[in-house]
Amino acid sequence: MHASWWRTASLALAGILFSSRLLEYEVWVRLNARDLHRSHANVASALINRVTFVELKPEVLERVLEPFPVPVRTLDALHLASIAFLLRRDQTLELLAAAQALGVPLTAL
């Protein structure tokens with residue numbers, strides 16, 4: 001397995017949850033559809049507040065424009081794009097840490 005995947009997985013095991021912002025909307029749509037929004041609002045809000053959200057910005061969504069190895073539904077593609085973004089971000093952070101460890105000067109752009 002890829003090292004950045006393991007880092008993300010270990011953060012999840014440590015209780016740090018990641019999801020696309022879609023999760024919040026999916027939770028509320030399901031609660032509203034079942035008329036549970038009043039009785040379950042506190043629990044839903046507590047869960048949602050534990051999640052670190054990946055916002056659906058163009059740099060996250062660009063992966064959706066490429067083919068997936070298997071057919072996926074639109075919402076699944078959006079979630080997969082969020083996962084791919086997190087993995088790319090972890091790879092970038094690993095590369096920056098390695099460069100710093102080698103004494104490569106880093107400059108903000």
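The values are calculated or read from the model by the stated rules, or taken from the named source; none is laboratory data. On a predicted model such as this, the values are computed, not experimentally measured, just so you know. Note: ideal-geometry Cβ built from the backbone for every residue, glycine included; neighbour counts use all protein chains shown.
Among the conditions (1) modelled with pLDDT under 95; (2) on the phi > 0 side of the Ramachandran plot, the only one that residue 35 does not satisfy is (1). Pairs meeting the criteria (first residue in region 10-30 and farther than 18 Å from residue 42 by Cα and surrounded by 15 or more Cβ atoms within 10 Å (Cβ to Cβ), second residue hydrophobic (A, V, I, L, M, F, W, C) and at pLDDT below 60, beta carbons under 9 Å, at least 6 apart or on different chains) are 18/11; 18/12. Within region 44-71, if we keep just the residues that are among the hydrophobic types (A, V, I, L, M, F, W, C) and farther than 14 Å from residue 22 by Cβ, the residue that is surrounded by the fewest Cβ atoms within 10 Å (Cβ to Cβ) turns out to be 70.
A single entry from 75, 56, 80 fulfils the requirement of being part of a loop (DSSP other than H, G, I, E, B) and at pLDDT below 90: 56.
Inspect all residues belonging to region 41-51 and state whether any of them is among the basic types (Lys, Arg), closer than 18 Å to residue 89 by Cβ and modelled with pLDDT under 90.
Looking through region 41-51, none of the residues is among the basic types (Lys, Arg), closer than 18 Å to residue 89 by Cβ and modelled with pLDDT under 90.
Looking at the structure I just gave you, is residue 33 exposed (fewer than 15 other Cβ atoms within 10 Å of the Cβ), small (Gly, Ala, Ser) and without any contact (Cβ under 8 Å) to a residue 40 or more places away in the chain?
yes
Every listed requirement among (1) at pLDDT below 90; (2) within 16 Å of residue 22 (Cα to Cα); (3) of a type outside the set (Phe, Trp, Tyr) is met by residue 91 save one, (2). Within region 1-32, the set of residues being at pLDDT below 85, in a helix (DSSP H, G or I) and of a type outside the set (Val, Ile, Thr) comprises 3, 4, 5, 6, 7, 9, 10, 11, 12, 13.
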